[in-house]
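Data first, discussion second: the structure below is written as structure tokens.
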Amino acid sequence: MTPQTTSAVPAVATTTTRSIGIDFCDATQLESVQRSAVMLSTSDLAPKQYQAGSVGKEKAIANCVIALDIAKRTGTAVLMVMQNLYIVQGKPSWSARFLIATVNECGRFEPIKYRLRNLGRVGVVNGKDYGDLPNLECVAYTRAKGSNEILESSPITITLAILEGWYEKPGSKWKTMPEQMLRYRAASWWTSVYAPEISMGMRTIEENEDIEDVAFEEISSTIAHEVESKTASEPLDFDGETGEIYEPPTATPTTPPATEAKAEGNPQAAQVKAPF
């Protein structure tokens, strides 16, 4: 009998390795990244914040290293990251178009779609009459590939933009291109809920431009005294299960408790020890 021979079949990997960022503790990898950053910082195709001639060599190289790390984490070309990542009010911000394109190209979802409808006129908001301004609503939606479940964003409306202060902000594009701004905001909110790893927790340019930091205002001494006088000066004792607060007695009892009264007439009762 002729023995059967079997050929070795190469094993096929059944799992994929998730892309991670740069290991800044790996000296060899960091040296390679720095060389790439130096090259990018001398390119005229890179935006100004990455060019050594515009922001200085050290700062440009540092910005390029960050761009390389983000590109590696998101699986995106570094030039795309550099051309779509901006600093708005000191915060890194994505271009809304880039964020939408990244979601559409990630391979996990169908392309994002938008549902626009007119809810009627805005009317009076915060005491101001907006007349016949249409209260447009936009919802971004799609579904994961292989699933029939529709994934929707929270609805964005013109009334919401007015209430949040986006519409009346100086230079706001909500007045000139409302439908486009509705789409951008709906897509950003959709990504924050269903794919936050794609945006890496960063907002879009439009969102950061609409956000206003509230200036610090020191409270007056009168208000501070009122708050202090109405605040408990001692920690409260309460039951952790029921939440009932144990309040200290307001006055010393003038009559002895029943147990003490019995003890006076009964010597044996006086020998009973109080529990601890």
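Quick notes
- Verdict on residue 40 being among the aliphatic types (A, V, I, L, M), surrounded by fewer than 17 Cβ atoms within 10 Å (Cβ to Cβ) and either free of Cβ contacts under 8 Å to residues at least 40 places away in the same chain or not assigned by TED's automatic domain parsing to the domain that holds residue 200 (or both): no
- The set of residues in region 77-105 being surrounded by fewer than 15 Cβ atoms within 10 Å (Cβ to Cβ), over 21 Å from the mean Cα position of the chain (by Cα) and over 19 Å from residue 189 (Cα atoms) consists of 77 alone.
- Any hit, region 70-87, residues being of a type in the set (S, T, N, Q) and more than 19 Å from residue 20 (Cβ to Cβ): yes
- Of the numbered criteria (1) at pLDDT 85 or above; (2) surrounded by 12 or more Cβ atoms within 10 Å (Cβ to Cβ), the one residue 45 fails is (2).
- Screening the candidates 108, 73 for the property of being out of contact with any Asp or Glu (no Cβ under 8 Å at 6 or more places or on another chain), in contact (Cβ under 8 Å) with a residue 60 or more places away in the chain, within 21 Å of residue 198 (Cα to Cα) and surrounded by fewer than 16 Cβ atoms within 10 Å (Cβ to Cβ) yields one hit, 108.
- Failed criterion for residue 163 (all others in (1) touching a strand residue (DSSP E or B) at 6+ places or on another chain (Cβ under 8 Å); (2) more than 19 Å from residue 99 (Cα to Cα); (3) modelled with pLDDT under 90 hold): (3)
- All strands (runs of 3 or more DSSP E) inside region 90-191 with 1 or more residues being touching a Pro at 6+ places or on another chain (Cβ under 8 Å), not assigned by TED's automatic domain parsing to the domain that holds residue 66 and not polar (S, T, N, Q): 113-121, 134-142
- Picking from residues in region 178-214 that are modelled with pLDDT under 70 and within 23 Å of residue 72 (Cα to Cα), the one that is nearest to the chain's Cα centre (by Cα) is 201.
- Residue match in region 35-49 (condition: closer than 26 Å to residue 196 by Cβ, in contact with a Leu (Cβ under 7 Å, 6 or more places away or on another chain) and either assigned to a helix (DSSP H, G or I) or not hydroxyl-bearing (Ser, Thr, Tyr) (or both)): no
- Residues that are more than 26 Å from residue 186 (Cα to Cα) and in a loop (DSSP other than H, G, I, E, B) do not occur anywhere in region 67-76.
- For residue 147, the test of being of a type outside the set (D, E, K, R), surrounded by fewer than 16 Cβ atoms within 10 Å (Cβ to Cβ) and under 14 Å from residue 114 (Cβ atoms) is failed.
- Residues satisfying the stated conditions in region 48-74, i.e. more than 29 Å from residue 106 (Cβ to Cβ) and hydroxyl-bearing (Ser, Thr, Tyr): 54
- Scanning region 124-141 for residues that are on the phi > 0 side of the Ramachandran plot and touching a residue at least 12 places away in the same chain (Cβ under 8 Å) yields one hit, 126.
The values are calculated or read from the model by the stated rules, or taken from the named source; none is laboratory data. Quantities reported herein were computed from a predicted structural model and do not represent experimental measurements. Counting neighbours? That spans all protein chains shown, and the Cβs are built from the backbone with ideal geometry, glycine included.
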